[in-house]
1. If only one of ALA264, ALA355, ALA329 is of a type in the set (Gly, Ala, Ser), surrounded by 21 or more Cβ atoms within 10 Å (Cβ to Cβ), in contact with a helix residue (DSSP H, G or I) (Cβ under 9 Å, 6 or more places away or on another chain) and assigned to a helix (DSSP H, G or I), which one is it?
2. ARG300: open to solvent by 30 Å² or more (accessible area, probe 1.4 Å), of a type in the set (Lys, Arg) and either farther than 25 Å from VAL343 by Cα or in a strand (DSSP E or B) (or both), yes or no?
3. If you scan segment 132-147, which residues turn out to be open to solvent by less than 10 Å² (accessible area, probe 1.4 Å), in contact with a Gly (Cβ under 7 Å, 6 or more places away or on another chain) and either outside any helix (DSSP H, G or I) or of a type in the set (A, V, I, L, M) (or both)?
4. Which of the numbered conditions does ARG177 fail, given that it passes all the others? Conditions: (1) open to solvent by 50 Å² or more (accessible area, probe 1.4 Å); (2) at pLDDT below 95.
5. Please give the strands (runs of 3 or more DSSP E) falling wholly within segment 158-238 in which 1 or more residues are under 17 Å from the mean Cα position of the chain (by Cα) and among the polar types (S, T, N, Q).
6. Out of curiosity, is ARG129 open to solvent by 20 Å² or more (accessible area, probe 1.4 Å) and in contact (Cβ under 8 Å) with a residue 60 or more places away in the chain?
Amino acid sequence: MIQVTNAFGTRSVRVAGAGAYVPPRVVDNASITQAIPGWSADWISEKTQIRERRFLWDLDARTGVTTAPADTGQPLCNTDMCEAALRRAMQMAGLEGSELDAVFIVTCTPDRVNFSYDAMEVHRRVGCRPDCYAMLVDDGCGGTPYVMDLVYKMIRGGAINTAAVIGSAFTSALVDRDVWTGDVEPSPGRKRLPAAFGAYVFGDGAGAVILRGDGQPGQGIVSSMAGNDYLQLVIRRAGGIENRVSGMQNPADQAFVVDGQLVARSYPTYMNACIAGVLADRPELRDKVQRYYFHQPNKRLMDHYVRQAGLPADRVACNVDRYGNTSAAGMLILLAEDLEQGVVSLGSGDLVLIAAVGANVHYGAQLIRL
């Protein structure tokens with residue numbers, strides 16, 4: 001059931017700022033296929049139209065493993081990237097950490113698995129109040145607008161006033177030839193899925209957005225929605241009790257194994273649901289959307305969807321061909337870059353649409369007047 005929440009509460013929720021951190025290390029297709037054998041560099045370029053991805057850690061293509069770089073004061077881990085993105089968003093918003101009422105980090109690659117460590121550490125570093133919520137949400141591509149919908153409802157209902165939502169992806173630290181050259185069985189009787197594809201498409205990065213409940217009428221989030229479904233688009237069995245119960249010994253269970261065919265079939269369905277959901281009560285705004293920020297599984301799939309949906313390609317932001325699939329971070333990185341480059345502007349009234357689906361399955365969208 002899709003629930004559109006534009007009628008929830010009475011407060012106007014605006015985007016106050018956005019920021020991003022994208023690592024400087026460029027890993028091209030030749031390097032990643034040497035590190036993780038399976039497909040050729042040309043095949044990746046043809047099938048995904050991804051030319052390169054960004055890694056936080058150094059890749060040794062000869063051995064097929066990554067290592068942490070020397071400490072130069074630049075981000076070295078997921079928490080560092082999240083902090084960098086949030087500080088840039090706070091600077092744009094003109095806010096101090098003490099003004100935040102909640103910090104949510106959406107990621108499936110945290111520095112520590114338990115106890116919301118990454119969110120708690122970012123909370124400490126930026127000087128949040130003790131009563132400011134700090135939570136890590138274990139989620140992937142669709143998790144960012146899903147959590148933004150949650151925050152939107154909290155602000156509209158008056159529970160909080162100012163919140164940061166941070167999405168991040170830190171796959172490079174997990175790249176290991178012994179893990180990513182294996183395969184997994186998605187379900188009994190189904191063809192095994194190769195892990196290598198995940199190594200080829202994912203990149204690192206973090207994006208942050210600050211939402212505030214002080215917008216003027218007609219400004220801010222026009223409508224918001226979120227939903228659930230039950231497909232295993234990405235499989236990662238490591239880290240939980242299930243491994244102990246079932247006695248799994250497969251190294252590929254450590255990898256993020258993408259069911260590429262299932263993603264390709266389901267992506268248009270959920271993205272259509274997202275767009276239709278946030279435009280349901282405001283159909284007259286459909287042709288007035290100036291910029292779309294979508295989850296980008298790969299460039300070929302997203303471009304195909306844009307054509308199929310009849311959307312104007314020049315209004316759909318894209319960086320997956322250069323950054324790789326940055327999962328929960330992707331939409332916010334795109335928004336932050338557009339704001340920095342002046343493609344759209346806060347306070348301008350520019351109408352934008354954020355939408356994403358992913359991770360077994362969360363999906364959501366926001367229609368926003370900046």
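1. Of the residues listed, the single one that is of a type in the set (Gly, Ala, Ser), surrounded by 21 or more Cβ atoms within 10 Å (Cβ to Cβ), in contact with a helix residue (DSSP H, G or I) (Cβ under 9 Å, 6 or more places away or on another chain) and assigned to a helix (DSSP H, G or I) is ALA329.
2. Working: open to solvent by 30 Å² or more (accessible area, probe 1.4 Å): yes; of a type in the set (Lys, Arg): yes; either farther than 25 Å from VAL343 by Cα or in a strand (DSSP E or B) (or both): no.
Judged against the criteria, ARG300 is not a match.
3. GLY140, GLY142
4. Among (1) open to solvent by 50 Å² or more (accessible area, probe 1.4 Å); (2) at pLDDT below 95, the lone unmet condition for ARG177 is (2).
5. Working: elements: 162-169, 205-212, 220-228.
By residue number, 162-169, 220-228.
6. When the stated conditions are applied, ARG129 does not pass them.
The values are calculated or read from the model by the stated rules, or taken from the named source; none is laboratory data. In this text, all values refer to a predicted model and were calculated from it rather than measured experimentally. Please note: Cβ atoms are built from the backbone with ideal geometry, for glycine as well, and neighbour counts cover all protein chains shown. Side chains are part of the model used for accessible areas, which takes the heavy atoms of the whole protein and leaves out ligands, DNA and RNA. Shrake-Rupley method; radii C 1.70, N 1.55, O 1.52, S 1.80 Å.
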